[in-house]
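What follows is a single structure, written as structure tokens, with notes after it.
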Amino acid sequence: MEQVLSPNQFAKNVSTKANSERVEFAVKLPGQGTNKDEVVWLPIDAKFPREDYERLIDAQQRADKEDMDAAGKALENRVISCARDISEKYIAPPNTTDFGILFLPVEGLFAEIIRRTALIDKLQQSYRVIVAGPTTLWSILNSLQMGFRTLAIQKRSSEVWNLLSAVKTEWIQYGTVLDAVQTKLNQASNKIEEVKVRSRAIGKKLRDVQELPTADAKVLLPDSLMTEESEPVEYDLLNEEEEAAGE
């Protein structure tokens with residue numbers, strides 16, 4: 001169980017039923033209620049009827065039919081007794097699942113029990129107990145682990161959905177801001193084009209403007225705006241700019 005499940009997915013020596021013995025191991029299954037801390041236990045009890053099994057093996061090796069039948073019957077009764085204990089002591093819905101697992105830790109013992117189909121049917125129908133060997137228990141625990149992962153994905157999927165919804169909202173707002181910026185840029189671009197058109201128009205009119213001598217330009221312009229090295233100033237340009245400002 002430690003090799004398949006995480007430490008928080010199972011527990012040892014669990015009390016699944018009031019005033020009863022503790023089961024050796026139990027897997028934590030999520031409850032059906034809204035309380036996320038609610039737990040449903042799957043009891044797993046290991047049994048090893050060694051003496052009855054060894055007696056059966058010995059009779060089989062000796063090919064003693066009478067001893068084989070007696071040892072086989074004793075082994076079946078011992079397994080039924082183990083299943084009865086699991087059913088009465090550990091299975092208590094809704095605190096537990098409505099079935100338990102009887103773990104037989106030897107593959108040969110498990111194979112001997114599982115081939116007795118009438119016994120298996122009796123264990124399942126009368127006592128709600130499933131028999132598992134090492135390989136079978138490994139498969140069961142792996143299936144449960146996959147179920148845990150699926151459940152975790154389902155729980156996280158709502159968080160992912162909420163995150164995507166928030167991102168979508170922010171993206172829409174971001175697009176609105178981009179549209180506003182683009183509008184402002186288009187307006188600025190249009191203004192620049194208007195200024196360029198006006199500048200070209202003024203430039204065409206300035207082609208025929210006569211230049212003033214430097215001395216005359218000093219008279220018209222303050223000294224702070226005109227130095228000895230200044231280029232000649234065109235008087236008509238000032239008139240054009242005033243007309244443009246007036247327009």
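The values are calculated or read from the model by the stated rules, or taken from the named source; none is laboratory data. Being a predicted model, the structure only gives us computed values, none of them experimental. These area figures cover heavy atoms from the full protein model, side chains too; ligands, DNA and RNA do not enter into them. Shrake-Rupley method; radii C 1.70, N 1.55, O 1.52, S 1.80 Å.
Odds and ends about this structure:
- Fully extending the segment from S126 to R50, taken as 0.36 nm per residue of separation minus the present Cα-Cα distance, adds 25.0 nm.
- List T117, T136, T183, ordered by accessible area with a 1.4 Å probe, largest first: T117, T183, T136
- Most to least accessible of V40, V79, V106 (protein chains only, probe 1.4 Å): V106, V40, V79
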